[in-house]
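> I am attaching a structure below and will ask some questions about it afterwards.
The values are calculated or read from the model by the stated rules, or taken from the named source; none is laboratory data. Since this is a predicted model, take the numbers as computed values, not measurements. FYI the Cβ positions are ideal-geometry reconstructions off the backbone, even for glycines, and counts take in every protein chain you see. Side chains included, ligands, DNA and RNA excluded: accessible areas come from the protein's heavy atoms. Shrake-Rupley method; radii C 1.70, N 1.55, O 1.52, S 1.80 Å.
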Amino acid sequence: MHLARLRLQGFRNLADVRLELPPEGIALVGPNAQGKTNLLEAIHYLELFRSFRGVRDAELVRFGEAFFRVEGVVRGATGGGEERTLAAAWQREGARKRVTLDGVEPERLADAVGHLGAVLFTPADLALVNDGPHERRRFLDIVLSLNEPGYLGALQRYRRVLGQRNAALREGGAAAIAAWDEPLVREGARVFASRRAWIAGVGEAFASLHAEISGGEPAELVYLPALPTDARPDDAETFDESLRSALRSSVDQERRMQTTVVGPHRDEFRMRVPNGGRLRDVRSYGSGGQRRSVALALRLLEARTLEEQRGRAPILLMDDVFAELDEARSERVLELLERTAVGQVILTAPRASDIRLRGDRLPRWSIRDGVIQMGEWGP
Ligand code: ATP
Ligand code: MG
């Protein structure tokens, strides 16, 4: 399965782009600030129907334009030559977004996400390691929303209930607050359990991917559900019990702070790698290269999850991935990708010499000022 055609209008500096993409993909070369990342962001928009950076749609509209539109034709979703058209348009007036699958608006956005099957690797992935828990929760939510039926719905319901409960904490009495406890427990336990199951399930794969990238360093993923330490359950079935009792015991604190302090909206997970003789949190103690390797391992996990769930190789969108790895790490990542990436690869780099993955096999395209052409840049 691959992205066969792409049409962009008014998407950041990509004013008007029409591409026929080969099944193996392309290597896109162009200097800084020409639109390489914008192109990958536009393609990935068809997976999530929002920016991978989590920014507002308004920021994606080309300066001075009224709307943007992204349309992609995916070929071979079921192994044959069938095509499926994914499209999204957003207009400034009324801040309206319209998403369609084969021309039809799905009932819920949850039905629209995940039809492209793409994973994006970017230098910004370092935020997964360096930034606060919010970035890691977003990562979990995206991976699970795309790969576990029902997760996105539960998450959306959880957020709604959380908003109501927080409003009650600000304004309401005890009864008004308590009314939201059971709905919060129901959806929250579901979210907790899915996150925990995913993290537990990919632990070994994470360790082995990381060992391969780093040349043998061990690593572990640790889930830290936002529950009092003594209330973290031993098995997924008792998350509801744990959350219920945590809510009971924190209600005084919550009324003081006027917000819900336990529950999956405050979850965290840590990645530990060797530092000073034992495994420690990479966010606090890791070197630049260690951070980069961990971020790559997380994206490779995402790709592996997608492949397992859907039974086909993901489309890999790779934004200048080798930029900050040392020679040995780049070599190993390259080997790893050569073995895993059997689907379409769309990669970008500022210099042709940075195109290392399938450099000889991918057609070389170029970009200047938002205009893409086949081959080297020329008149
Ligand atoms: P680098 O190699 O530095 O990563 P790049 O080719 O990936 O560069 P992009 O980030 O894709 O560059 O594009 C950056 C350009 O897009 C910037 O010069 C910026 O001015 C332009 N740009 C960003 N947002 C908009 C917008 N809403 N409308 C028009 N142009 C925009
Ligand atoms: Mg870029």
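> Output wanted: per-residue J couplings in Hz (rounded whole) for the range 257-274, from phi through Karplus 6.51 cos²θ - 1.76 cosθ + 1.60, θ = phi - 60°, x for Gly and Pro.
With coefficients 6.51, -1.76 and 1.60, one gets 7, 6, 7, 6, 9, 10, x, x, 5, 10, 5, 8, 9, 10, 10, 10, 9, x Hz.
> Residue by residue, what Karplus-based ³J(HN,Hα) values in Hz, rounded to whole numbers, does the range 306-311 have, using 6.51, -1.76 and 1.60 with θ = phi - 60° and x for Gly and Pro?
4, 5, 5, 5, 10, x
> If you wrap a convex hull around the C-alpha atoms of the range 131-263 and split its volume per residue, what is the figure in Å³?
Looking at the range 131-263, the number lands at 119 Å³ per residue.
> Which whole-number percentage describes the relative contact order of the chain, with Cα contacts under 8 Å and a sequence gap of 6 or more?
23
> Around L337, with a cut-off of 15 angstrom between Cβ atoms, what is the net charge of the other residues, counting Lys and Arg +1 and Asp and Glu -1?
The answer is -3.
> Contour minus end-to-end for E324 and R310, with contour as 0.36 nm per residue of separation and end-to-end as the Cα-Cα distance?
Extra length available between E324 and R310 comes to 1.9 nm.
> For every helix of n ≥ 4 consecutive DSSP H residues, a contribution of -39,500 (n - 2.57) applies; sum these over the chain, divide by its total residues, and give [θ] at 222 nm rounded to the nearest 500 deg cm²/dmol.
Helix-only estimate at 222 nm: -13000 deg cm²/dmol.
> Follow-up. With an 8 Å cut-off on Cα pairs and a minimum separation of 6 or more residues, tell me the relative contact order of the range 122-313 in percent.
Over the range 122-313, the number comes to 27 percent.
> Non-local amide H neighbours of M318 (under 5 Å, H modeled in plane, Pro and chain starts lacking H): which ones?
F121, I346, L347, T348
> Tell me, what is the FRET efficiency for R280 and H134 to the nearest 0.05, using R0 = 22 angstrom and their Cβ-Cβ distance as r?
0.55
> Here's a follow-up. May I ask you to derive the FRET efficiency for L336 and E107 from their Cβ-Cβ distance with R0 = 30 Å, giving the value to the nearest 0.05?
E between L336 and E107, to the nearest 0.05, is 0.15.
> So, with a 1.4 angstrom probe, what is the percent of accessible area on the chain that is carbon and sulfur?
Reported share for carbon and sulfur atoms: 48 percent.
> Can you order the peptides 102-108, 15-21 by their average number of other Cβ atoms within 10 Å per residue, highest first?
Ranked from most to least packed, the peptides come out as 15-21, 102-108.
> What whole-number value in Å² describes the accessible area per residue of the chain for a 1.4 Å probe?
Accessible area per residue: 45 Å².
> With a Förster radius of 22 Å, plug the Cβ-Cβ distance of Q156 and S249 into 1/(1 + (r/R0)^6) and report the FRET value to the nearest 0.05.
E between Q156 and S249, to the nearest 0.05, is 0.20.
> For the chain, what is the largest minus smallest coordinate of the Cα atoms on each principal axis, given in angstrom and ordered from greatest to least?
So the extents along the principal axes, rounded to whole Å, are 71, 56, 39.
> Note the full-extension length gain between D369 and E220 as 0.36 nm times their separation in residues minus their Cα-Cα distance, in nm to one decimal.
49.4 nm
> Related question: Give the distance, in whole Å, between the Cα centre of the range 1-50 and the Cα centre of the range 228-293.
Each part's Cα centre sits 37 Å from the other's.
> Could you give me the ³J(HN,Hα) list for the range 154-159, computed from phi with Karplus coefficients 6.51, -1.76, 1.60 and θ = phi - 60°, whole Hz, x at Gly and Pro?
Here the 3J(HN,Hα) series is 4, 5, 5, 5, 4, 5 Hz.
> What does a probe at W377 reach in the range 27-44, counting residues whose amide N is under 14 Å from the point 7 Å along Cα→Cβ?
Once the point is set 7 Å along Cα→Cβ of W377, 28-37 turn out to lie under 14 Å by backbone N, inside the range 27-44.
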